[in-house]
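**Student:** The structure under discussion is supplied below as structure tokens; questions concerning it will follow.
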Amino acid sequence: MDPQQQASYAEAMLDRPSPATRSSMVIRVLGGTVSQTTTSADWSDSAVAAWVAFQVHSGVEFIFIVNGNDSPESQRAFYDRWVAAGAHFSFIEMMNEYYLRKYLDGDTTEPDVTMAVSPDDYVTAIVPAYGAVFADTGLPIFIILAPAGETPALQMQYEQWNATVIAALAAHSGAPIGVTLHLYSRDSSFDYDQIDRIRARLPAGTPIAVTESGILDPTVMASDGYPDAAYDHLLAIYTHLQPGDYLLDQVLYKNGSGWQPADLHADFSGVTPKGERVLDFFETNVR
């Protein structure tokens, strides 16, 4: 997806906020779903260098998201490659959306699925294996929680995932661990209070990283009010967060047809209408 253009657009975008605001910002540089199909071989030295130069220029932090379809040792080597190039990271995120049905069923027709992953597999085998190779980095590990389900069946599925992960978290001692949530609004009834309900179940002081959030309501996305709706969604989430939590907008960049839901796009030579409002949000609220 043209990493050089991504980094160039992002650099210009983040020249606008103050250095203090930028120092509080993070980019999930390896992406979400695509992170589970990407290995070190997919990143050229020049692509890594472009993002590291952006980080040096802007002062923002990165998040390293682990690909569970690659070996722990290979993922650690990939991380070390970034660090050797000069990158630094805020935390290690343990995979992407493993609570989805495709992972639970091991649906290998999906490019980001290579095996079935149960909640027990995740907490007893996967996280310990990958966490061990990153332990000496000293970085916090963030593990996956599921959002509220949109149907009773999904809610049951997601609750089974969360119950298992939260029980393992409560029994954990050692390196700091946080949790991730992905919060997408698909209609006007989005449940923002789920953040508070999750927090009440976690060990005291556990940070919550909303590593993806956005508006996916087709009617809203097709309207002129979409940029403002994106702002309002971020703000509604933000009111439920506490110091030490993270809030990320999604998507940073697209280069295909149509700019929604990206903040950066070639059609605008950088910042999109939604991106303008996302900038407004972070400039107004980030502390």
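The values are calculated or read from the model by the stated rules, or taken from the named source; none is laboratory data. The structure presented is a predicted model; accordingly, all values stated were derived computationally and were not measured. Every residue, glycine as well, gets a Cβ built from its backbone with ideal geometry; the counts of neighbours run over all protein chains shown. Areas reflect the complete protein model, heavy atoms only, side chains present, ligands, DNA and RNA absent. Shrake-Rupley method; radii C 1.70, N 1.55, O 1.52, S 1.80 Å.
**Student:** Looking at the range 251-276, which of the residues that are acidic (D, E) and open to solvent by 40 Å² or more (accessible area, probe 1.4 Å) is farthest from D228 (Cα to Cα)?
**Tutor:** Here the residue is D267.
**Student:** State all residues of the range 101-133 that are closer than 29 Å to A84 by Cα and either surrounded by fewer than 21 Cβ atoms within 10 Å (Cβ to Cβ) or of a type in the set (V, I, T) (or both); if no residue qualifies, say none.
**Tutor:** The answer is A125, I126, V127, P128, A129, G131, A132, V133.
**Student:** Filter the range 64-78 for residues that are part of a helix (DSSP H, G or I) and open to solvent by less than 20 Å² (accessible area, probe 1.4 Å) and give the result.
**Tutor:** Q75, F78
**Student:** Could you give every pair whose Cβ atoms fall below 7 Å, whose first residue belongs to the range 68-87 and is under 14 Å from W43 (Cα atoms), and whose second residue is open to solvent by 20 Å² or more (accessible area, probe 1.4 Å) and part of a loop (DSSP other than H, G, I, E, B), counting only separations of at least 6 or pairs across chains?
**Tutor:** Final answer for the pair search is S74/T39; F78/T39.
**Student:** Determine which member of the set A209, A262, A236 is in a helix (DSSP H, G or I) and of a type in the set (G, A, S).
**Tutor:** Every option except A236 fails the conditions.
**Student:** Which residue out of Q6, Q36 is modelled with pLDDT under 95, under 27 Å from S257 (Cα atoms) and polar (S, T, N, Q)?
**Tutor:** Criteria check complete, one pass: Q6.
**Student:** Report, by residue number, each residue of the range 134-154 that is surrounded by fewer than 17 Cβ atoms within 10 Å (Cβ to Cβ) and hydrophobic (A, V, I, L, M, F, W, C).
**Tutor:** Result: A135, A153, L154.
**Student:** Given the criterion more than 20 Å from the chain's Cα centre (by Cα), of a type outside the set (K, R) and more than 22 Å from E73 (Cβ to Cβ), identify the matching residue among D120, D136.
**Tutor:** D120
**Student:** Pairs under 9 Å by beta carbon, first residue at negative phi and among the polar types (S, T, N, Q) in the range 216-241, partner buried (at least 16 other Cβ atoms within 10 Å of the Cβ) and in a helix (DSSP H, G or I), six or more apart or different chains?
**Tutor:** S223/A229
**Student:** Name the residue, out of W51, W82, that is of a type outside the set (V, I, T), part of a helix (DSSP H, G or I) and within 22 Å of A175 (Cβ to Cβ).
**Tutor:** From the options W51, W82, the qualifying one is W82.
**Student:** Still on this structure: Which of the residues belonging to the range 10-26 are open to solvent by less than 40 Å² (accessible area, probe 1.4 Å) and in contact with a strand residue (DSSP E or B) (Cβ under 6 Å, 6 or more places away or on another chain)?
**Tutor:** M13, V26 - these are the residues of the range 10-26 that are open to solvent by less than 40 Å² (accessible area, probe 1.4 Å) and in contact with a strand residue (DSSP E or B) (Cβ under 6 Å, 6 or more places away or on another chain).
**Student:** Could you please tell me which pairs satisfy a Cβ distance under 8 Å, a separation of 6+ or placement on different chains, a first residue in the range 176-202 that is among the basic types (K, R), and a second residue that is open to solvent by 40 Å² or more (accessible area, probe 1.4 Å)?
**Tutor:** Once the first residue is among the basic types (K, R) and sits in the range 176-202, its partners that are open to solvent by 40 Å² or more (accessible area, probe 1.4 Å) give R186/E150; R186/L216; R199/Q242.
**Student:** Another question, then. In the range 33-63, how many residues are among the aliphatic types (A, V, I, L, M) and open to solvent by less than 50 Å² (accessible area, probe 1.4 Å)?
**Tutor:** Counting residues in the range 33-63 that are among the aliphatic types (A, V, I, L, M) and open to solvent by less than 50 Å² (accessible area, probe 1.4 Å) gives 6.
One line per residue, one yes/no per condition, for (1) farther than 30 Å from H172 by Cα; (2) surrounded by fewer than 20 Cβ atoms within 10 Å (Cβ to Cβ):
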{"residue": "P207", "(1), (2)": "no, no"}
{"residue": "L234", "(1), (2)": "yes, no"}
{"residue": "Y246", "(1), (2)": "no, no"}
{"residue": "V278", "(1), (2)": "yes, no"}
{"residue": "N285", "(1), (2)": "yes, yes"}
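**Student:** So if I check each of P152, P119, P111, which one is in contact (Cβ under 8 Å) with a residue 24 or more places away in the chain and under 28 Å from D193 (Cβ atoms)?
**Tutor:** Result: P119 is the single residue among P152, P119, P111 that is in contact (Cβ under 8 Å) with a residue 24 or more places away in the chain and under 28 Å from D193 (Cβ atoms).
Each row is one residue, and each column tells you yes or no for (1) among the acidic types (D, E); (2) crowded, with 17+ Cβ neighbours inside 10 Å; (3) in contact (Cβ under 8 Å) with a residue 40 or more places away in the chain.
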{"site": "M1", "(1), (2), (3)": "no, no, yes"}
{"site": "Q6", "(1), (2), (3)": "no, yes, yes"}
{"site": "G31", "(1), (2), (3)": "no, yes, no"}
{"site": "F89", "(1), (2), (3)": "no, yes, yes"}
